[in-house]
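**Student:** Below is one structure. I have some questions about it.
The values are calculated or read from the model by the stated rules, or taken from the named source; none is laboratory data. Note that the structure is predicted; figures quoted are calculated from it, not measured. Methodologically, a virtual Cβ is constructed for each residue, glycine included, from the backbone with ideal geometry; neighbour enumeration extends over all protein chains shown.
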Amino acid sequence: MARKHEVKDIELMGARETAKERFEGTYIALHEIAKLRGQKISINTLRSRAYKWLSVKMNIPSRKCQIRYFNKQQCVDLITICLGLPQEVTESWLERKKAAVMLTSL
């Protein structure tokens, strides 16, 4: 059976993974839209702009706005921002994902 701190680590890892997936999906979609409009902008430039936008949106200094530094609540906030969903929905979704991750790690 997993220890309490191991469960928290698994939970945080799952939250960060989901946050990263959602955030990447957001700026990749923006990159595709830019390409369709004939705009030439690199994915790296767009990612950098997306992180700057996110730092303002989450009120985090840009140097600390990296998903690998986020706690669970910051991951929930990021997902909520990217999906445009109420926070309760995002938290519920993360709880279901945590349960699935824990089952696969047994």
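**Student:** Which of the numbered conditions does Arg63 fail, given that it passes all the others? Conditions: (1) buried (at least 16 other Cβ atoms within 10 Å of the Cβ); (2) at pLDDT 80 or above.
**Tutor:** Of the numbered conditions (1) buried (at least 16 other Cβ atoms within 10 Å of the Cβ); (2) at pLDDT 80 or above, the odd one out for Arg63 is (1).
**Student:** Same structure, new question: For Lys40, only one of the following conditions fails: (1) in a helix (DSSP H, G or I); (2) free of Cβ contacts under 8 Å to residues at least 12 places away in the same chain; (3) surrounded by fewer than 12 Cβ atoms within 10 Å (Cβ to Cβ). What is its number?
**Tutor:** (1) is the only condition that Lys40 fails.
**Student:** Could you give every pair whose Cβ atoms fall below 8 Å, whose first residue belongs to the range 12-23 and is closer than 12 Å to Phe70 by Cα, and whose second residue is among the aromatic types (Phe, Trp, Tyr) and crowded, with 19+ Cβ neighbours inside 10 Å, counting only separations of at least 6 or pairs across chains?
**Tutor:** Between residues of the range 12-23 that are closer than 12 Å to Phe70 by Cα and residues that are among the aromatic types (Phe, Trp, Tyr) and crowded, with 19+ Cβ neighbours inside 10 Å, the close pairs are Ala15/Phe70; Arg16/Phe70; Ala19/Phe70.
**Student:** Another question, if that's okay. Of the numbered conditions (1) part of a loop (DSSP other than H, G, I, E, B); (2) among the charged types (D, E, K, R); (3) surrounded by 12 or more Cβ atoms within 10 Å (Cβ to Cβ), Arg49 satisfies every one except a single condition; which is it?
**Tutor:** The failed condition is (1).
**Student:** Read through the list (1) modelled with pLDDT of 85 or more; (2) surrounded by 12 or more Cβ atoms within 10 Å (Cβ to Cβ); (3) not charged (D, E, K, R), then give the number of the only condition that Leu83 fails.
**Tutor:** Just one mismatch for Leu83, condition (1).
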